[in-house]
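Trainee: Take this structure, written in structure tokens, and hold onto it; I'll ask about it next.
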Amino acid sequence: MLGRNVRPNRRDEIDIIAKKGETLVFAEVKTRRREEFGRPARAVDKAKRHTLNRAAAAYLRNAKHPDLFYRFDVLEVLGQPDDPAPPTIRHLEDAFPFESRRMFPTGR
């Protein structure tokens, strides 16, 4: 893991930034007690994806455009803090694309 709750600019935050091989992973964590109103990943709507794209672009600019691939993942956490059972965790890899207007050339 490269960072948690990273603020690449004044208004945005990325929950987790990690590196897997040559891929930089920007992960959004969504926690819910239950799924009666839908899966936690549904909360990553168009506006949230736009915000995450803007934050990732700022991070990449600050990092001087690392020669890596990048993707957005969503981590769903289901459970209650007082529940004796461990939470259910789902990892949705490559959950949504990088906005084309924010893409950077990778030099490859």
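Trainee: Can you give the extra length, in nm with one decimal, that the chain gains between Arg61 and Lys19 once fully stretched, where that is 0.36 nm per residue apart less the Cα-Cα distance? Walk me through the numbers before you get to the answer.
Mentor: Working: separation 42, 0.36 × 42 = 15.12 nm, distance 1.67 nm.
Gain on stretching Arg61 to Lys19: 13.4 nm.
Trainee: For the chain, what is the accessible area per residue in Å², given a 1.4 Å probe and the full set of protein chains?
Mentor: Ligands and nucleic acids excluded, the figure is 66 Å² per residue.
Trainee: Could you go through the range 69-81 in sequence order and give the Karplus-derived ³J(HN,Hα) for each residue, using 6.51 cos²θ - 1.76 cosθ + 1.60 with θ = phi - 60°, rounded to whole Hz, and x for Gly and Pro?
Mentor: Values per residue, Gly and Pro as x: 8, 9, 8, 10, 10, 10, 10, 9, 10, 10, x, 10, x Hz.
Trainee: Given Cα pairs under 8 Å that are at least 6 residues apart, what percent is the relative contact order of the chain?
Mentor: Computed over the chain, the figure is 26 percent.
Trainee: Let me ask something else. Of (i) 18.1, 67; (ii) 28.7, 100; (iii) 14.8, 49, which one was derived for Rg and Dmax of the Cα atoms in Å from the structure shown?
Mentor: Matching entry in (i) 18.1, 67; (ii) 28.7, 100; (iii) 14.8, 49: (iii).
Trainee: To continue, here is another question. Summing Lys, Arg as +1 and Asp, Glu as -1, what charge do residues with Cβ under 10 Å from the Cβ of His91 carry, His91 excluded?
Mentor: Net charge in that neighbourhood comes out at -2.
Trainee: If you take the beta carbon distance between Arg10 and Lys48 as r and set R0 to 22 Å, what does 1/(1 + (r/R0)^6) give as a FRET efficiency, to the nearest 0.05?
Mentor: Efficiency for this residue pair is about 0.80.
Trainee: Taking the alpha-carbon centroid of each part, what is the distance from the range 84-100 to the range 1-28 in angstrom?
Mentor: 14 Å
Trainee: Quick one: length gained pulling His91 to Met1 fully straight, 0.36 nm per residue minus the C-alpha distance?
Mentor: Additional length available on full extension: 30.9 nm.
The values are calculated or read from the model by the stated rules, or taken from the named source; none is laboratory data. As the structure is a computational prediction, the values presented were derived from the model and not from experiment. Here Cβ is always computed from backbone atoms with ideal geometry, including for glycine, and neighbour counts include all displayed protein chains. Surface areas here come from the heavy atoms of the whole protein model, side chains and all, with no ligands, DNA or RNA. Shrake-Rupley method; radii C 1.70, N 1.55, O 1.52, S 1.80 Å.
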